[in-house]
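All of the numbers you see were taken from the coordinates with simple rules; none came from a lab. None of the values given here were measured: they were computed from a predicted structure. Here the Cβ positions follow ideal geometry from the backbone for every residue, glycine too, while neighbour counts run over all protein chains shown.
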Amino acid sequence: AGSPGAGLTGSARRPDPRRLAAPLPVTDRLRGELRARRAPGDPAFTATDLELLRALAALAGTALTQQERLDEAHRLARTDPLTGLANRRFADDRLSEALVGHHREGTVVHLAVFDLNGLKQVNDTLGHATGDRLLRAFADLLSESARRLPGALAARLGGDEFCLLTVGAGGDELLDAARHICRRAAAPGFAGISAPAASDATTRSLPADADGPGEGCPAVRGPGRHAGGTGGAACGLAGTDEAIGPPLTARRLLRLADAAQYRAKTDGLLEPVVAGRGAIGRQVVLLADAAGPRTPDRRALRGAAGSRTAVPRRTP
């Protein structure tokens with residue numbers, strides 16, 4: 001009859017003695033009703049029946065409340081609180097699952113790792129609130145691209161590092177998306193930040209085979225120097241259909257993508273580097289493998305002994 005209390009239902013003027021309803025509270029709001037009905041000819045409900053229905057409604061409400069709390073705990077355990085993207089743990093789990101599918105069914109898996117340049121400078125000069133805005137803006141950019149790619153997951157690995165994982169999509173699809181992300185992030189005024197670019201940046205060009213077959217990198221700047229107010233993002237890609245060599249594990253695919261990202265960052269490239277493609281891509285594979293299969297932390301890759309000799313720095 002529209003009443004939030006428990007009791008007989010029916011019309012407001014003629015309650016039906018064979019129909020009962022009790023409100024179903026979940027946390028601090030009313031979620032619905034628990035109803036009971038008897039067939040015509042059965043005895044009418046009594047006050048005892050109503051108390052039983054109320055008790056059942058309270059138990060159901062408690063169960064739903066606990067389920068909502070459990071769902072929220074699961075969500076928080078796999079979500080980065082600042083950006084709303086998947087966190088490192090969830091990304092690692094999804095990557096491992098994707099590689100299992102690759103070995104079992106041949107599903108193509110690609111991973112792009114991004115390093116957001118200039119975050120520390122933004123935090124130091126404009127404040128951490130502005131730095132957080134930059135992180136959220138980049139996360140939105142990743143999410144926008146992930147929605148356009150089949151089987152894609154956008155995640156924040158921690159700090160200024162992000163990734164985009166695709167399952168079933170072609171490598172060129174992710175490469176195009178990564179280029180779009182890098183260009184958007186390097187555009188002046190990205191995230192509403194208009195800090196000037198470094199004045200000591202130097203421009204260099206790389207050979208046509210540096211990025212891939214038949215495609216050269218655009219003009220680039222010195223290490224860590226990108227056009228735009230925020231410094232843009234360095235990006236490295238690795239995929240199961242690239243010439244990266246066996247054996248392939250989730251850890252190795254991540255190490256390859258990270259090595260490619262590190263090469264893009266140290267050379268100041270505005271274009272993604274793909275592990276296994278072109279001269280740089282082949283050198284990236286050597287760099288990743290030189291880190292060893294037991295590297296406990298991705299940061300150890302960047303301090304790997306011999307990395308500067310295995311991948312010599314290009315000169316102008």
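Points worth noting:
- The stretch 279-287 - phi-based ³J(HN,Hα) in whole Hz, Karplus 6.51/-1.76/1.60, Gly and Pro as x: 5, 5, x, 5, 5, 4, 4, 5, 4
- In Å, descending, principal axis extents of the Cα set of the stretch 47-163: 69, 47, 22
- Taking the Cα centre of the stretch 21-76 as origin and assigning +1 to Lys and Arg Cβ atoms and -1 to Asp and Glu Cβ atoms, the resulting dipole is close to 100 debye.
- Extended-chain gain in nm, criterion 0.36 nm per residue less alpha-carbon gap, ALA243 and ARG88: 53.2 nm
- Mean Cβ count within 10 Å, highest first, over the residues of peptides 253-265, 67-79, 47-59, 127-139: 253-265, 127-139, 47-59, 67-79
- Rh (Kirkwood; distinct C-alpha pairs) - the stretch 21-76, Å: 12.7 Å
- In this simple spin-label approximation, THR62 and ALA290 carry label points 7 Å from Cα along the Cα→Cβ vector, and these lie 6.3 nm apart.
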